[in-house]
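Values quoted throughout were computed directly from the atomic coordinates according to the rules given, and no laboratory measurement underlies them. On a predicted model such as this, the values are computed, not experimentally measured, just so you know. Virtual Cβ from ideal backbone geometry, glycine too; neighbours counted across all protein chains shown.
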Amino acid sequence: MFIQTAATPNADALQFIPGVPVLGSSNSDSGASSSMRTVEYNSPREGLKSPLATRLFAIEGVKGIMYGSDFVTVRKDSDHPWQLMKPDIYAAIMDHFSSGRSLIREDTESDGAAKSSAAGVTEEDSEIVSEIKELLESRVRPSIQEDGGDLDFVSFDEATGVVKIRLRGACRGCSSSTVTLKHGVEGMLTYYIPEVTSVESVDDELEVQANKEFNKLEAQLVGKTSASS
């Protein structure tokens, strides 16, 4: 297996392309095509739902993982250089796809815990929300996924005209994502949908809290190890 890498606008995120399907049609949800779906894990605890993610999170410096149709985006912290991490990442990806194991554990595929981008237009959506989702799906997500990222529609406030979205994958923590958000996504939505006045990015509050708790526990374990040595 030959694994290619592709740079993203985020220096701390790389796409790894194994040359085989990553999220195949068997993993697709009824609300989204398999080619557009992505699944993201942002902590070792979330990564327990996927054998590959579990192994990747065991590599020092890995902060997040996102699966696309034919790629794996890995995010790292700024303290660890790619040249030291790549060999372990290559080995983990190669071993997984050579083994034939499931990408996502069967007992967690339907529990809703993995952060998936599969939400589409529903009957409960207003006409404006449906138009926003359709534009994001057809005009925005394909280009963002080419750079190893993705986004989710979160909400639309009819009183203020503010659209809230959640950036994912390589888009997280990327300085250029702010420019893309304002000049790309916001510009397009306000042009086609006059009711939209601006677009804002939001963080997943539960994810932020979970990461804080994990970092706190990790610091405590490091402190205990230092004290005993």
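Model label sites at Trp82 and Thr160, defined 7 Å from Cα along the beta-carbon direction, differ in position by 3.7 nm.
Spin-label model, Ala58 to Asp70: label points 7 Å out along the Cα-to-beta-carbon direction sit 3.0 nm apart.
Ranked for footprinting exposure by Cβ neighbours inside 10 Å, fewest first, Phe97, Phe16 give Phe97, Phe16.
For Glu134 and Phe2, compute 0.36 nm times the residue count separating them, minus their Cα-Cα distance, and round to one decimal in nm. If you can, show how the numbers build up before the last one.
Values: separation 132, 0.36 × 132 = 47.52 nm, distance 3.56 nm.
Here the segment from Glu134 to Phe2 would lengthen by 44.0 nm.
Between Ser126 and Glu146, the contour length at 0.36 nm per residue exceeds the Cα-Cα span by 4.3 nm. Each peptide in 77-87, 129-139, 154-164 receives the mean, over its residues, of other Cβ atoms within 10 Å, and ordering these scores from highest gives 129-139, 154-164, 77-87.
Give the distance, in whole Å, between the Cα centre of the stretch 61-78 and the Cα centre of the stretch 143-170. Their Cα centres are 18 Å away from one another.
Shown is the FRET efficiency for Val20 and Thr197, computed with R0 = 45 Å from the Cβ-Cβ distance and rounded to the nearest 0.05: 0.55.
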